[in-house]
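Take a look at the structure set out below.
Each reported figure results from applying straightforward, stated rules to the coordinates on display, with no laboratory input. Small disclaimer: the values here were computed from a predicted structure and weren't measured. Backbone-built Cβ (ideal geometry, glycine too); neighbour counts: all protein chains shown.
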Amino acid sequence: MRAAVSYCVAPASPTLYQIEARILSASAAPPRHGDARRRLAPAPRREPIPLADAGDARPAAGLVLLYPRDGAPHVLLTVRGGHLARHAGQVSLPGGAVEPGETMRDAALREAAEEVGLEPARVRVLGELSILPIAASGFVLHPVVGVTERELRLRPADGEVSRVLHVPLADLRDPRNLRQGTYWRPEHPIRAPYFAVQEERVWGATAMVLAELLAVLGEGPGDP
């Protein structure tokens, strides 16, 4: 008798139209998806900046860009240059510090234009996810969600971006790609959940933002 074989298959990805509708609905009455973000948080985690004091920290904006590629929705991520002073070689959202007088939307689009040559006029901004205080860098990250239905023609900035990742949303939703790793600080090891995509580890603040995005879409990650 042939043994039964079980398969782990990720459910079908939503269309870009469905994604946009869910993001707009969430922006109208922002939910809190702390559980989803906590599942992807390193542990033990440095104490985050209290939200009450977040106004004293420097704001940063990150662009969560959704777009079609090969008939499926994707998310744009970058691998930071290996010689950067902060977070060298790590996977991140396009983004950076907000300049005086800028809105979060404008800062996210400007940084994406500088880092990968994205044309701001091609992006339709839908709203923001929950802000994320980051104790390690002293920034408060504002994730700005946008969509584009046009083909991306990108030009990664030399020295700043070593690689552009076009990540299918289905890969983030696939439980086989949610894993557990460890890295070392001088005082103790850190347990670091991460998304394994395209031979890269997506962890830390970027993974937490993506976990909230999945939760907003009704597809939050489980435990790695």
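Computed from the Kirkwood radius of its Cα pairs, the Stokes-Einstein diffusion coefficient for region 123-217 at 37 °C and 0.692 mPa s stands at 211 µm²/s. How would you classify region 152-207 from its alpha-carbon gyration tensor, with a ≥ b ≥ c the square roots of the eigenvalues: rounded for a/c under 1.5, else prolate if a/b is greater than b/c, otherwise oblate? Oblate. Each principal axis of the Cα atoms in region 132-177 has its own extent, and those three values, largest first, are 34, 34, 21 angstrom.
Considering only Pro175, Leu129, Gly218, the residue lying farthest towards the positive end of the dipole of region 128-224 is Pro175, judged by Cα position with unit charges set on Cβ. Taking Lys and Arg as +1 and Asp and Glu as -1, the other residues whose beta-carbon sits under 14 Å from that of Leu169 total -3. Peptides 101-114, 195-208 ranked from most to least packed by the mean count of surrounding Cβ atoms within 10 Å: 195-208, 101-114.
The alpha carbon gyration tensor of region 94-140 gives principal lengths a ≥ b ≥ c with a/c of 1.5 or higher and a/b greater than b/c, which makes the shape prolate. If R0 is 22 Å, the Cβ-Cβ spacing of Arg153 and Tyr17 corresponds to a FRET efficiency of close to 0.45. Of the peptides 151-157, 166-172, the order by per-residue mean of other Cβ atoms within 10 Å, starting with the highest, comes out as 166-172, 151-157. Computed extension length for Glu99-Asp70: 6.9 nm, one decimal, from 0.36 nm per residue of separation with the Cα-Cα distance subtracted.
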